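Q: Can you read through this structure? Questions will come right after.
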Amino acid sequence: MAEGTSRTAPSRSREGRIPESTRQHLGSELRSYYASMLAEVQPSTLLNLIARLDGAPYAREAADFRDGLLASLPGLRAFALSLAMNHAAADDLVQETLLKAWKNHDKFEAGSNLQAWLCTILRNHFYTDIRRRKREVEDADGTMAGQMVASAAQEANSDLQQVKQHLAKLPAAMREALLLVGAQGLTYEDAAELIGCQVGTVKSRVSRARALLERSLGMDTRSTAL
């Protein structure tokens, strides 16, 4: 009996004890939410910022890099929204990232993943700001990011908005891992490399985030009725 228990426990742990049908439904909701962010019209302020780089120093030498910034903008902004959960804050993050990336474009290794490099810059800036805010207001456990949702309650009560509102309640580190794996489709290994942590840490954050989101969306009730 004890031996049989030891064989089955790892399987339940890996799945976070969420029924497969529920996990698939949650993944579909997350992918739809992320796709809606990718499909948003990019703000003119960000597009104009990239356009103005044509007149910046060493613009001719970095023309391909500038084009790469433009191509990466939808994904970069979607990543910023998944962290900040607030459009104004996300756009500020993207603007700071674009400026820092342009200033340090010579440090980018040609042929490597520009999107991942930009996301790393953005998330470092995001968490630096979170730590600063924590020191200012003694915030704890990453809840500042969830408090940045100023307009969610005023938006339409659609399925995607419900997902957004409940995602905002997750600690930023959990939300980030869940969206990287569950929405963007990154492997645990790729997500760990982007975040800069151990693969096991990513798996733990994703599992806990799935369980919390499942309960807050009422999916546990759905699954028991199947």
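The values are calculated or read from the model by the stated rules, or taken from the named source; none is laboratory data. As the structure is a prediction and not an experimental result, all values here were calculated from the model. For neighbour counting, all protein chains shown are included, and Cβ atoms are generated from backbone atoms with ideal geometry for every residue, glycine included. Ligands, DNA and RNA are stripped out before the accessible areas are found, and what is left, the full protein with its side chains, is counted by its heavy atoms. Shrake-Rupley method; radii C 1.70, N 1.55, O 1.52, S 1.80 Å.
Q: Considering only region 70-88, state which residues are buried (at least 19 other Cβ atoms within 10 Å of the Cβ) and touching an Asp or Glu at 6+ places or on another chain (Cβ under 9 Å).
A: Of everything in region 70-88, those that are buried (at least 19 other Cβ atoms within 10 Å of the Cβ) and touching an Asp or Glu at 6+ places or on another chain (Cβ under 9 Å) turn out to be Arg77, Ala78, Phe79, Ala80, Leu81, Ser82, Leu83, Ala84.
Q: Pairs under 6 Å by beta carbon, first residue in contact (Cβ under 8 Å) with a residue 40 or more places away in the chain and under 13 Å from Gln162 (Cβ atoms) in region 25-40, partner open to solvent by 10 Å² or more (accessible area, probe 1.4 Å) and among the hydroxyl-bearing types (Ser, Thr, Tyr), six or more apart or different chains?
A: Listed by first residue and then by second, the contacts come to nothing, as the list is empty.
Q: Given the conditions (1) closer than 22 Å to Glu29 by Cα; (2) modelled with pLDDT under 90; (3) not polar (S, T, N, Q), and given that Ala140 satisfies all but one, which numbered condition is not satisfied?
A: So the condition that Ala140 fails would be (1).
Q: For Ala88, are the conditions met, namely being within 22 Å of Leu170 (Cβ to Cβ), in a helix (DSSP H, G or I) and of a type in the set (Gly, Ala, Ser)?
A: Considered against the rule, which asks whether it is within 22 Å of Leu170 (Cβ to Cβ), in a helix (DSSP H, G or I) and of a type in the set (Gly, Ala, Ser), Ala88 comes out as yes.
Q: Across region 172-194, what is the number of residues that are open to solvent by 40 Å² or more (accessible area, probe 1.4 Å) and either closer than 18 Å to Arg31 by Cα or at pLDDT below 90 (or both)?
A: 6
Q: Continuing with the same structure: Give Asp54, Asp67, Asp92 a once-over and let me know the one that is open to solvent by 20 Å² or more (accessible area, probe 1.4 Å), closer than 20 Å to Lys164 by Cα and without any contact (Cβ under 8 Å) to a residue 24 or more places away in the chain.
A: Asp92
Q: Residues that are aliphatic (A, V, I, L, M), open to solvent by 40 Å² or more (accessible area, probe 1.4 Å), free of Cβ contacts under 8 Å to residues at least 60 places away in the same chain and not in a helix (DSSP H, G or I): does region 104-112 have at least one?
A: yes
Q: Shifting gears a bit: From the list Cys119, Cys197, which residue is under 26 Å from Asp92 (Cβ atoms), modelled with pLDDT of 90 or more and open to solvent by less than 30 Å² (accessible area, probe 1.4 Å)?
A: Cys119
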